[in-house]
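Novice: Encoded as structure tokens, here's the structure I'll be asking about.
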Amino acid sequence: CKVGYYSGQGTDLTLDLGFAPRFFVTKRIDSSGSWITFDTTRGMGSGNDSLLDLENNSAAYAGTDYVTPTASGITLEANLDNMVLGATSSFKYIYYAHA
């Protein structure tokens, strides 16, 4: 597993984790934000990623491509919304990834 942080940007962001994650959790920390969870069981990397908001009791939400696992990390899609990757470096996030 790996724990870390990243900042927003206007383009896709690839995090080098040293492994292909099967479980990824992220949270915005510079403002209010929920714990957002992706996993391969729900289709992470399939094109329409299903995400769980751990602070909401709703079912998993699917409908957009938020993240793409790579052989050695994960790519976060640019500026889909502020939950996963904001458009500027003022957006700050923490994450937990598990193989």
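The values are calculated or read from the model by the stated rules, or taken from the named source; none is laboratory data. Keep in mind that this is a model prediction, so the values were computed, not measured. When we count neighbours, we look across all protein chains shown, and the Cβ atoms used for this are built from the backbone with ideal geometry, even at glycine. Protein only, heavy atoms only, side chains kept; ligands, DNA and RNA dropped before computing areas. Shrake-Rupley method; radii C 1.70, N 1.55, O 1.52, S 1.80 Å.
Novice: Given the conditions (1) open to solvent by less than 50 Å² (accessible area, probe 1.4 Å); (2) touching a residue at least 60 places away in the same chain (Cβ under 8 Å); (3) part of a strand (DSSP E or B); (4) not polar (S, T, N, Q), report the number of the one that Pro69 does not fulfil.
Specialist: Pro69 satisfies every listed condition except (2).
Novice: Surrounded by 12 or more Cβ atoms within 10 Å (Cβ to Cβ) and modelled with pLDDT under 90: does that describe Arg42? If you could, list the steps in order and put the result at the bottom.
Specialist: Values: surrounded by 12 or more Cβ atoms within 10 Å (Cβ to Cβ): yes; modelled with pLDDT under 90: yes.
Against the criterion (surrounded by 12 or more Cβ atoms within 10 Å (Cβ to Cβ) and modelled with pLDDT under 90), Arg42 qualifies.
Novice: Go through segment 20-39 and count every residue that is more than 15 Å from Tyr93 (Cα to Cα) and surrounded by fewer than 17 Cβ atoms within 10 Å (Cβ to Cβ).
Specialist: Summing the residues that are more than 15 Å from Tyr93 (Cα to Cα) and surrounded by fewer than 17 Cβ atoms within 10 Å (Cβ to Cβ) in segment 20-39 gives 3.
Novice: Pick out the one residue from Leu52, Leu13 that is open to solvent by less than 50 Å² (accessible area, probe 1.4 Å), touching a helix residue (DSSP H, G or I) at 6+ places or on another chain (Cβ under 9 Å) and not aromatic (Phe, Trp, Tyr).
Specialist: Details: Leu13 fails: touching a helix residue (DSSP H, G or I) at 6+ places or on another chain (Cβ under 9 Å).
Leu52 is the lone residue from the list that is open to solvent by less than 50 Å² (accessible area, probe 1.4 Å), touching a helix residue (DSSP H, G or I) at 6+ places or on another chain (Cβ under 9 Å) and not aromatic (Phe, Trp, Tyr).
Novice: Thr64 fails exactly one of the following numbered conditions: (1) of a type outside the set (A, V, I, L, M); (2) open to solvent by less than 40 Å² (accessible area, probe 1.4 Å); (3) at pLDDT below 90; (4) closer than 19 Å to Ala20 by Cβ. What is the number of that condition?
Specialist: The number of the failed condition is (4).
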